[in-house]
Structure formats: C-alpha cells, structure tokens
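Quick notes on the structure that follows.
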Amino acid sequence: MASATFLSTLSLANKNYLLLTPTHSYAKGYTSNFRVSNLPSIVVRKEGSVRSQGFVAMQEKGGSTLSDDSRTKTPHVLTVAGSDSGAGAGIQADLKACAARRVYCSTVITALTAQNTVGVQGVSNVPEDFVAEQLKSVLSDMQVDVVKTGMLPSVGIVKTLCKTLREFPVHALVVDPVMVSTSGDVLAGPSILSTFREELLPMADIITPNLKEASALLNGMQLETVDDMRSAARLLHNMGPKNVLVKGGDLPASSDAVDILYNGHNLYELRSSRIRTRNTHGTGCSLASSIAAEVAKGYPMLSAVKVAKRFVETALDYSKEIVIGNGPQGPFDHLLRLKGHSQDCHRQQPFDPSDLFLYAVTDSRMNKRWGRSIVDAVKAAIDGGATIIQLREKEAETKDFLESAKACLRICRLHGVPLLINDRVDVAIACDADGVHVGQSDMPARVARTLLGPEKIIGVSCKTPEQAEQAWVDGADYIGCGGVYPTNTKENNITVGLNGLKTVCMASKLPVVAIGGIGVSNARAVMEIRTSNLKGVAVVSALFDRECVQTETRKLHEVLLGSNIGST
Ligand SMILES: Nc1ncnc2c1ncn2[C@@H]1O[C@H](COP(=O)(O)OP(=O)(O)O)[C@@H](O)[C@H]1O
Ligand SMILES: Cc1ncc(COP(=O)(O)O)c(N)n1
Ligand SMILES: [Mg+2]
C-alpha cells in the first residue's frame, strides 16, 4: 500500500531527494507518514506547495533553508500480531527480528496465545476497539515506515486494521497471512478468508503465505511441488498484492528451503540450504518482520526478501543445537548469542579490579624464542598465580591466533581467570574472550564497547591524566599506565616513571595496572606509590622471557603479596 507516488528525483545542494505526491486525498494532514528511508523525501501537495519532511530536515542540518528540525529518522516497523507466551513466534519473534536487523519496532497486539514448544493451549482475542486504539496511538504519533501483520484472529480485527491504515497510510504493508501454527493449531479460522482476499491483500506490498496458508487462500489447492508454488504465487498475485512470496519451509522431501517470489512480471526461485534443526518455530514471523525491516530501511523488495531469507537461514544454522522446551518445535536465537556457553565453561564474572593484581601479557616472539606454545605459556602463568591474562600476539596469523585464543580461553575459564585480547576486537568477539586491551592508536574504547557489549572488560593504555579521563568517558573498565621503566617489548616507548604513574593514578577514576619494565626486583617499589586505585602490575618479559614461566610468576606473586597492595 504505497502512500505516495514517486515523481522524480530532485537535486538540492548536491543532495538527492525523492519527489513524492500523496495518492490518498484523505492523507492531507498526515503527510508526515509519507517517507521513504533510503532517500529523503519531499511531498508535493496538490496545491503545488513543497513541504519539507523530517527526513529532509535531517539532511539539511546547519543553515537549512527547508527546515531546522535536526532529528534523524529511525527506520520503524509496526507489527500487528498475536503474542506467543513461549516467545518463539508472534509479537516476540517480530521484536527480536527487528532488533537483530537494527530497526525500531512498535507493537499492536491482536490476541494473546498460551503457547509453548508443544503447541497452542489457549487463545484470547483482544477486543476490536482496543486493537483500534493501539493502532491509533502508534500511527498518529510515531512515523511508522512499514506495517507488518501476523495473527489477525477475527474479521472485525482485519476490518479495523484496513480502516485505520486508510486513515494513517504508511510507506509499505507486509502481510503474513497467519492462519495455522506449525503445530497445527488454528490461529485464524476460515471465516476471515474472504476479508483477507477482498480487503487486506489488495493493500499489501507483499504477502508471505506458507504452503498451508497459500492453499487455504486458493480454496484448498494442492501444493506439493515447486511448480505448484509457482502457480500459487501467480494466482495469489491476481488478488491484488504487489508481491507474493510463497514459502516452502514445509515442502515435503526438499533438501533446500525454496521460496517463490512473484512481482507480477518476474518469478524468482529463492533457494537456501535446509538447516537440519527442530528449532524452526517462528521462522515465518521472523522472515516477514525482517522483510519489513529492510523495506523500512529503504531497500527494494527483492533485496529485502533475499536479505531476510539469508538472516533466517543464518539464525537457524547458528541455533540448530540450542535446547528450549520439550516439544517438537523449538524457538531459534535471532541475536546469535545463546550458543557458546558449554557445560565446561564457567559463566564470565563481572569485572573485579583486584584481578589486575598479577597481570600476565604474552608475547609471540618470546614464546618462539623459548620454544613454547602460547597455550603452554598461559597455563604456566596461571599455575604460577597470574590473576588475568592478555594475549598480545602482534605477529600471529589471524586464523592461528583465533585457534590459540580459543584454547587459552578454555584454560582460563577452568581457573576463573579472565582472558583479554590485545588490540584485536574482532578476535575477542570471535572467541568470546572476556574483553580487550587497546592502545591510544587502536580502536577507541567507545567503539570497542559498542561492538563488545556492556559485560566485556575493556582496558586502555594511558600515559597522561587527559588520556585517563578520556578512557573513563569512553566506558573503559581499567587503564594500563606506563612504561613505568624502560622496556624492550615496545620500541620508542616514552617512560613515565613512578612520578608519571602516580600522577595518572591520582587523576584516574578507573583502577590502574602499572606496566613497563616491571619484574621481581622493582614490583615492590611500584606498588609502594600507594594510591588506592593502583591494583597491580602487568608483566611481559619478566615472566615470558625466562626459562620457567611458572617459577617466575610464583616469585612475582610472592613479592606482590609482600607489598600488601589492594588492601589500601
Ligand atoms: N529448516 C530450514 N532451513 C532453512 N530455511 C528454512 C527452514 N525452514 C524454514 N525455512 C525458511 O524460513 C522461512 C519461513 O518459512 P516457513 O517455515 O515455510 O513459514 P511458516 O513459519 O510461516 O510456516 C522461509 O524463507 C523458509 O524457506
Ligand atoms: C501468536 C502467533 N503468531 C504466529 C504464529 C505462527 O508461527 P509458526 O508458523 O512458526 O508456528 C504463532 N505460532 N503464534
Ligand atoms: Mg515455519
């Protein structure tokens, strides 16, 4: 249901805009609903006046002649669907899919279902009037780009939706004509079929029936092969939607997951490999929401469908072994986060500054010189009493580094010792390390934080109070200050000395670990500067450029215990 007609593009101040004109006379007064997200738009009113829209205003920040509204436009999908208490399908799947695809999602709930991985135990419809009230609340205020529909359990609710959409037109309408859950339970009875066909489908930019739904809309037509799906797509297109996607998740005896997309001109056969998993509850809802999300971002329909299908496939593959519920059809994990906490791994603890006490930093050259693997070096340091490990493998190939990091992580988790990765945020994410340590010329801590999330540990190397303040502002957990003494692990490294260390500690709101040329002979002197936030020493050569890492670590551990730090 396009709410505006594309006229042409317009260049203003070297920026491209789409010129749109409202297609519905009743749209007057709701022109804020006319928006496309990939290009800013200008609505040309019937009278011929050009009125700027919010998205234009964003592009025109600073000295704008069109508007001085500088808010940015967030792609927005409104889902009109049923709640699934098991959160695998329905509203809950839509919210997760939209979050995973990075668009805002508002919700109008049409029904509550008592549902789990076994099936649907109960359904309670929301009164029609209250569906209307929810729709008005959202559509009158929130600049929705795309409406996506799921479970619409009664004729009255379908009619209410169509009426409200005529009052509040949006850029696109995605209709997932949900009728029967994969468990076989009825979510919308056959009485709604005629209203679907006559009112809702003609307004849709795309409809996404599965095999059973396509068959129901086509009076029970048999759908058993890809050729049947092609015929069904053409017949459904005659009912008025701009695009039809017939989904083949349930196609018998197909080794691929095949969907057919028809836009009235071209017929596309979209294939992906079929993931062998029980966790397919909610694939249909998630696919439709992801299509809506891509359309809200401004992508054309074919690429929206392709990206959405790839997303569902990836999430299914990622989630194929997760176990939630006892029934035949489990939910999957949209955010690709639930996997990876295997039984032998302890869950990561929140950052404890006292972990900085004896901080062992590995060095690939030293390991090579002494003929030991990075894993052996880490094991020995932990056995000697290291309280945190950082892998600093400047020369390693990424693939090798990742494999070693995974092996080190298993050892660290067994001993409850956090493992950080130097510089390489990508490697830290890939192996699910406990965090990263970054330098002043590496990725800024604030960016690392957005990539790693709130629970990971981030440390930053700082030499000055200003850098320490910035690390705090950027959301770091600790700072590493040095080089306290000259060191040959870093070329051209400025030494800050004990005074520099003290100055930074006093200025820092974060816990500090001292680094640079520290070993058994001088660790005590470092700790004796006695500022309460100096929590320990970080050591490279004094542990790893030695014959026996475990012995050296143990010696340093004793010195540090003798200096009685961390208790001040
Ligand atoms: N096992 C699977 N592996 C890969 N893709 C799948 C699998 N099952 C379903 N899909 C895909 O998920 C989407 C939803 O399809 P389907 O399960 O048929 O819909 P519904 O959930 O509405 O019954 C489609 O793109 C389909 O191809
Ligand atoms: C509330 C609600 N909406 C939609 C579905 C369909 O999802 P699926 O086809 O994956 O069972 C469902 N089971 N529950
Ligand atoms: Mg399914």
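Some observations on this one:
- Selected residue [under 29 Å from the mean Cα position of the chain (by Cα), surrounded by 21 or more Cβ atoms within 10 Å (Cβ to Cβ) and among the hydroxyl-bearing types (Ser, Thr, Tyr)] from THR182, THR117, THR208: THR208
- Scope the range 257-284; condition at pLDDT 95 or above, among the hydrophobic types (A, V, I, L, M, F, W, C) and within 7 Å of ligand 1 (Cβ to nearest atom); matching residues: ALA257, VAL258
Residue-wise test of (1) within 16 Å of ligand 3 (Cβ to nearest atom); (2) assigned by TED's automatic domain parsing to the domain that holds LYS212; (3) among the polar types (S, T, N, Q).
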| site | (1), (2), (3) |
| --- | --- |
| GLU269 | no, yes, no |
| ARG276 | yes, yes, no |
| ILE291 | yes, yes, no |
| PHE311 | yes, yes, no |
| PRO331 | yes, no, no |
| ALA360 | no, no, no |
| MET366 | no, no, no |
| TRP370 | no, no, no |
| LYS379 | no, no, no |
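- ALA448 being farther than 23 Å from VAL540 by Cα, touching a helix residue (DSSP H, G or I) at 6+ places or on another chain (Cβ under 6 Å), surrounded by 17 or more Cβ atoms within 10 Å (Cβ to Cβ) and assigned by TED's automatic domain parsing to the domain that holds GLY500: yes
- Residues in the range 161-193 that are modelled with pLDDT of 95 or more and in a loop (DSSP other than H, G, I, E, B): PHE168, PRO169, VAL170, HIS171, ASP176, PRO177, VAL178.
- On the stretch given as the range 194-225, residues that are of a type outside the set (Val, Ile, Thr), assigned to a loop (DSSP other than H, G, I, E, B) and away from ligand 1 (no atom under 12 Å from the Cβ) total 8.
- Selection of first residues in the range 486-508 that are modelled with pLDDT of 95 or more and of second residues that are of a type in the set (A, V, I, L, M) and in a helix (DSSP H, G or I), restricted to Cβ pairs under 6 Å at least 6 apart or on distinct chains, gives the following pairs, ordered by first then second residue: VAL504/ALA468; ALA507/ALA468; SER508/ALA468.
- Tally of residues being of a type in the set (Gly, Ala, Ser) and in a helix (DSSP H, G or I) across the range 381-437: 7
- Where a residue in the range 300-329 is in contact (Cβ under 8 Å) with a residue 24 or more places away in the chain and its partner, wherever it lies, is more than 14 Å from ligand 1 (Cβ to nearest atom) and in a helix (DSSP H, G or I), with Cβ under 7 Å and at least six apart: MET301/VAL295
- Identity of the residue in the range 254-295, away from ligand 2 (no atom under 16 Å from the Cβ), part of a loop (DSSP other than H, G, I, E, B) and not polar (S, T, N, Q), that ends up surrounded by the fewest Cβ atoms within 10 Å (Cβ to Cβ): HIS265
- Residue within the range 125-139 that is assigned to a helix (DSSP H, G or I), more than 16 Å from ligand 1 (Cβ to nearest atom) and under 30 Å from ARG278 (Cα atoms) present: no
- Hits in the range 216-267 - residues which are in contact (Cβ under 8 Å) with a residue 40 or more places away in the chain and away from ligand 3 (no atom under 16 Å from the Cβ): LEU217, VAL226, MET239, PRO241, LYS242, ASN243, LEU261
- Residues of the range 126-143 that are crowded, with 17+ Cβ neighbours inside 10 Å and either under 23 Å from LEU335 (Cβ atoms) or polar (S, T, N, Q) (or both): GLN134, GLN143.
- Hits in the range 466-516 (condition: of a type in the set (D, E, K, R) and closer than 23 Å to GLU395 by Cα): LYS490, GLU491
- Selection status of THR208, within 20 Å of PHE311 (Cβ to Cβ) and of a type in the set (Ser, Thr, Tyr): yes
- Test result for ALA232, assigned by TED's automatic domain parsing to the domain that holds ILE91 and either within 11 Å of ligand 1 (Cβ to nearest atom) or under 27 Å from GLN143 (Cα atoms) (or both): no
- Restricting attention to the range 333-374 and to residues that are at pLDDT 85 or above and among the small types (Gly, Ala, Ser), the residue that is farthest from GLY284 (Cα to Cα) turns out to be GLY371.
- Test: residue in the range 302-318 that is loosely packed, with under 15 Cβ neighbours inside 10 Å, part of a loop (DSSP other than H, G, I, E, B), more than 14 Å from ligand 1 (Cβ to nearest atom) and not charged (D, E, K, R): no
- Inside the range 147-179, residues that are away from ligand 3 (no atom under 16 Å from the Cβ) and more than 28 Å from the chain's Cα centre (by Cα) make up a count of 18.
- Within the range 226-249, restricting attention to residues that are assigned to a loop (DSSP other than H, G, I, E, B) and surrounded by 15 or more Cβ atoms within 10 Å (Cβ to Cβ), the residue that is nearest to ligand 2 (Cβ to nearest atom) is GLY249.
- Hits in the range 182-231 - residues which are among the basic types (Lys, Arg) and farther than 22 Å from THR283 by Cα: ARG197
The values are calculated or read from the model by the stated rules, or taken from the named source; none is laboratory data. None of these values were measured; they are calculated from a predicted model. Neighbour counts run over all protein chains shown; Cβ positions are idealised from the backbone, glycine included.
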